[in-house]
C-alpha cells in the first residue's frame, strides 16, 4: 500500500512538472519592440563567464552566439551583441528577426554543467490597415497590435501564468478600452489586439500606443502616429499656388497700369505734334495748290 502511495506521489510530481514546464530553472519571458536594447539574464551563471555559452533558436535555425564567454564574430548580428554582468546577453537595437528562444548553457572542463537556462524573447509590432494616402478625416482606420511569440509559447498560457495584457492607450496614457469612440477587440489565438476608429480633423499627429503589461507592469510599447493626410496636403498646395497667382496679378497691375498711362501720354503728344503745323507752312501749301 505504501509503495502504491509513493508511486502516486511520484506521478503527481511528474505531471506537475509537465504542466508547468518547469525544469529546475525558471523560464524568463522578455518583451521588446523595434529599436530597443534588451538584456537577457543568465539564470545558471557560474562565477566565471568563460564557461558561458549562449544559443539562439527559432522555427528555422539554431545558432551559437557566445562560446566560452566570447561572442562569435561570424554571425550577422555580432556587433549588436555583448556579455554584461552575471553573463547576461545584451542585444542592441532589437529587430523582429531577433525574437526567439535564447539558452544560457554552462560548460566545465568540456562537459555541460547543469541544465540550460532559457529566455524567451517576444516581439511587439503595430500595423495599419490603411495606406498613408487613405488616411484622412472621416475615414475609418484599424490598427493591429500583435505580440509575436516564439517557440510555440501559447498566448493563453502567458495571460494565465504571466498576467500578460495588450492595452491601447492615448498619448496621455489613458486606457482607450472604455472610450466609445474606439472599437477594441482581442484574439488570444494570434495574441493580437485591434483598434478601429473614425478619424477626426484633430487626429492629425495624434499618438496611440499599444502596451504590453505583465502583472500591471509596463514591459514594452509601440506608438502609432496619425500622419498628415494627402488630401489636406493637396489643398494646402493649391492654396499656395492660388496665393502666388494673386501676387503675380497684383505685381502686374502695379507695374503695368503706369506703363499704359505713360504710353497713352506719349501717343497723345505725338498726335498733337502731327496735327499742329506752322502758319507759314500752311500758306505755302495753299500757293502751291
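Where a number appears in this text, it was derived from the coordinates with a stated rule and is not lab data. What you see is a predicted model; the values in this text were computed from it and never measured. Glycine gets a Cβ as well: all are built from the backbone with ideal geometry, and neighbour counts include every protein chain shown.
Quick notes
- Estimated FRET transfer efficiency when R0 is 30 angstrom, pair residue 78-residue 28 (beta carbons, to 0.05): 0.85
- With R₀ set to 22 Å, the beta-carbon distance separating residue 159 from residue 96 gives a calculated FRET efficiency near 0.50.
- Sites residue 171 and residue 217, calculated FRET efficiency, Cβ-Cβ separation with R0 30 Å, nearest 0.05: 0.90
- Packing-based exposure ordering (other Cβ within 10 Å, fewest first) of 136, 160: 160, 136
- By the count of neighbouring beta-carbon atoms within 10 Å, fewest first, 86, 122, 59 end up ordered 59, 86, 122.
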